[in-house]
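Visitor: One structure coming up, written as structure tokens, with questions to follow.
The values are calculated or read from the model by the stated rules, or taken from the named source; none is laboratory data. Every value quoted in this text rests on a predicted model; they were computed, and no experiment measured them. Because the Cβ atoms are built from the backbone with ideal geometry, glycine has one as well, and the counts that use them run over all protein chains shown.
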Amino acid sequence: MGWKTLDEMDLAGKTVLTRVDINVPVDNGRVTDTTRIDRIVPTVEAILSAGGKPMLIAHFGRPKGKVVDAMSLRQIVPALESALGHTVQFIETLEGAEAMTEEARAAEVLLMENIRFYPGEEANDPDFAARIAGLGDIYCNDAFSAAHRAHASTEAIARLLPCCAGRLMQAELQALEKALGAPKRPVAAVVGGAKVSTKLDLLGNLVGKVDKLVIGGGMANTFLAAQGLSVGKSLCEHEMADTAREIMAKAGAAGCEIILPSDVVIAKDFKAGAPSETVPAHACPDDAMILDAGAGSIARINAAFEASQTLIWNGPLGAFEIEPFDTATNAAAAHAAALTRTGKLTSVAGGGDTVAALNQAGAAEAFTYISTAGGAFLEWMEGKALPGVEALNT
Ligand code: AMP
């Protein structure tokens, strides 16, 4: 890892331009979920206790380079102040920040207005990055969830100042490195969710890296169909059959065992409480659909976890929002959580619905690390370089 942590920087008396993700949900001017704000507290504290002055830089919504009042970060200030326990000085414009004297910086923590109000941000404009860089002495990136974007405040700026990763970025990168960079083997991965087509790069990367790959959810149907099994009226991308076979061949060549459902829970309707039954994976009738993995499959998945030291999880094993089709996701998540608690398994999960599914299963707490970064986590799992992380490497 070529990036520095806050501990390796001399922050005393320095203004630390700190890129954070505080893109929180807001309803009528009130923050309804403060998770993202809470997660930046350790970074802000670390800067303050080292004698630095954090100037927070963040985006909020998608204003596309224009000033949109409804997307002002001003409305986040009260929630930020209460999470940090410090007063926060809001800086409305870049010009205002540039004109600000040391004395005018009254508060311990400064917050810049939504950086995406400026077109230079998403354009990764070097001149715009230089203007932001001019506001401080050190750049700290704590927004892993924005690291898959090459924007001025995530990428270009890192090349202009001494830079480091914030606490959250550091935790995220260390967890990911432990899971896929230099993991304890054997490594198992779960990839579930609706469609193969949205997770092609992910599957392609994982079969070359993990020892066992559990494929679940709607995308497992595509693999079953590609093996010649009938999947009735299940969610299935029949046109992806060749791709599914290629992934299986690549896995075979790499020594990666693919675990597909051997039994499935079927129903005639996609609705809560619909009458359902478990049948072998080859026995889905024409008028039924596969909505979850069966008990035999769950046992095989659990056995794969037991035989592994590391687990990476993205996506549900069934239509988990609807009972009883959350059974396989809940059971496997609970088993992974139990193995993690005993210290036998390092478990890392993230991306989209995964956090919701593991929360619903009551397993999230026990996992070694849950990434709240959707797109960035997936791109990292796909083996892609993240511009915001690359730029921190010195
Ligand atoms: P994704 O966003 O690709 O991770 O997919 C998650 C969605 O896939 C969830 O809304 C699940 O309900 C859905 N899903 C998982 N398994 C199935 C299935 N067998 N049939 C239909 N939808 C499913």
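Visitor: Out of segment 310-325, which residues are more than 13 Å from the ligand (Cβ to nearest atom) and of a type in the set (Val, Ile, Thr)?
Guide: Hits for segment 310-325 are Thr310, Ile312.
Visitor: Can you confirm whether segment 206-216 contains a residue that is within 12 Å of the ligand (Cβ to nearest atom), under 30 Å from Phe367 (Cβ atoms) and either at pLDDT 95 or above or surrounded by fewer than 20 Cβ atoms within 10 Å (Cβ to Cβ) (or both)?
Guide: Checked segment 206-216: at least one residue is within 12 Å of the ligand (Cβ to nearest atom), under 30 Å from Phe367 (Cβ atoms) and either at pLDDT 95 or above or surrounded by fewer than 20 Cβ atoms within 10 Å (Cβ to Cβ) (or both).
Visitor: Out of all the residues in segment 368-394, which are part of a helix (DSSP H, G or I) and either touching a Pro at 6+ places or on another chain (Cβ under 9 Å) or closer than 14 Å to Leu202 by Cβ (or both)?
Guide: Selection gives Gly374, Gly375, Ala376, Phe377, Leu378, Glu379, Trp380, Met381.
Visitor: Let me ask another. What residue, of Ala328, Ala249, Ala334, Ala307, is within 15 Å of the ligand (Cβ to nearest atom) and either outside the structural domain of Thr198 (by TED's automatic domain parsing) or of a type in the set (A, V, I, L, M, F, W, C) (or both)?
Guide: Ala328
Visitor: Which of (1) over 14 Å from Gly315 (Cβ atoms); (2) modelled with pLDDT under 95 is the odd one out, the single condition Thr198 does not satisfy?
Guide: Answer for Thr198: the failing condition is (1).
Visitor: Counting only residues that are touching a strand residue (DSSP E or B) at 6+ places or on another chain (Cβ under 7 Å) and surrounded by fewer than 24 Cβ atoms within 10 Å (Cβ to Cβ), which one in segment 335-347 is farthest from Val187 (Cα to Cα)?
Guide: Thr340
Visitor: Next up: Taking the conditions exactly as written (over 25 Å from the mean Cα position of the chain (by Cα) and not in a loop (DSSP other than H, G, I, E, B)), does Ile132 satisfy them or not?
Guide: For Ile132, the condition - over 25 Å from the mean Cα position of the chain (by Cα) and not in a loop (DSSP other than H, G, I, E, B) - is met.
Visitor: Starting from segment 222-244, take each residue that is in contact (Cβ under 8 Å) with a residue 12 or more places away in the chain and list its partners that are crowded, with 16+ Cβ neighbours inside 10 Å and of a type in the set (Asp, Glu), counting only C-beta distances under 9 angstrom and pairs at least six apart or across chains.
Guide: Listed by first residue and then by second, the contacts come to Thr222/Glu237; Ala225/Glu237; Thr243/Glu237; Ala244/Glu237.
Visitor: Any idea how many residues of segment 304-327 are free of Cβ contacts under 8 Å to residues at least 60 places away in the same chain and in contact with a strand residue (DSSP E or B) (Cβ under 9 Å, 6 or more places away or on another chain)?
Guide: 4
Visitor: I want to confirm something. Restricting to segment 270-305 and keeping residues that are among the aliphatic types (A, V, I, L, M) and closer than 15 Å to Ile322 by Cα, which single residue is surrounded by the fewest Cβ atoms within 10 Å (Cβ to Cβ)?
Guide: Step one: filter segment 270-305 for residues among the aliphatic types (A, V, I, L, M), giving 272, 274, 279, 281, 283, 288-291, 293, 295, 298-299, 301, 303-304.
Okay, now just the ones that are also closer than 15 Å to Ile322 by Cα, so 272, 274, 289-291, 293.
On the way: Ala272: 11, Ala274: 16, Met289: 23, Ile290: 29, Leu291: 28, Ala293: 33.
So, considering only residues that are among the aliphatic types (A, V, I, L, M) and closer than 15 Å to Ile322 by Cα, the one surrounded by the fewest Cβ atoms within 10 Å (Cβ to Cβ) is Ala272.
Visitor: Kindly provide the set of residues from segment 140-198 that are basic (Lys, Arg) and more than 16 Å from the ligand (Cβ to nearest atom), ordered by number.
Guide: Listed by number, the residues that qualify are Arg149, Arg159, Arg167, Lys178, Lys184, Arg185.
Every residue, every condition in (1) under 20 Å from Leu11 (Cβ atoms); (2) touching a residue at least 24 places away in the same chain (Cβ under 8 Å); (3) among the hydrophobic types (A, V, I, L, M, F, W, C), yes or no:
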site: Lys66; (1), (2), (3): no, yes, no
site: Met100; (1), (2), (3): yes, no, yes
site: Phe117; (1), (2), (3): no, yes, yes
site: Pro126; (1), (2), (3): no, yes, no
site: Ala129; (1), (2), (3): no, yes, yes
site: Tyr139; (1), (2), (3): yes, yes, no
site: Ile157; (1), (2), (3): yes, yes, yes
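Visitor: Mind counting the residues in segment 217-236 that are part of a helix (DSSP H, G or I), over 24 Å from the mean Cα position of the chain (by Cα) and within 13 Å of the ligand (Cβ to nearest atom)?
Guide: 5
Rundown of residues vs (1) touching a Leu at 6+ places or on another chain (Cβ under 7 Å); (2) within 30 Å of Glu390 (Cα to Cα), yes/no style:
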{"residue": "Pro162", "(1), (2)": "no, yes"}
{"residue": "Gln174", "(1), (2)": "no, yes"}
{"residue": "Lys178", "(1), (2)": "no, yes"}
{"residue": "Arg185", "(1), (2)": "no, yes"}
{"residue": "Ala194", "(1), (2)": "yes, no"}
{"residue": "Gln227", "(1), (2)": "no, no"}
{"residue": "Val231", "(1), (2)": "yes, no"}
{"residue": "Glu239", "(1), (2)": "no, no"}
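Visitor: Still on this structure, please answer the following. Out of Arg149, Arg159, report the one residue that is more than 23 Å from the chain's Cα centre (by Cα) and either of a type outside the set (Asp, Glu) or at positive phi (or both).
Guide: So the residue among Arg149, Arg159 that is more than 23 Å from the chain's Cα centre (by Cα) and either of a type outside the set (Asp, Glu) or at positive phi (or both) is Arg159.
Visitor: Name the single residue that is surrounded by the most Cβ atoms within 10 Å (Cβ to Cβ) among those in segment 360-374 being within 14 Å of the ligand (Cβ to nearest atom) and free of Cβ contacts under 8 Å to residues at least 60 places away in the same chain.
Guide: Ala361
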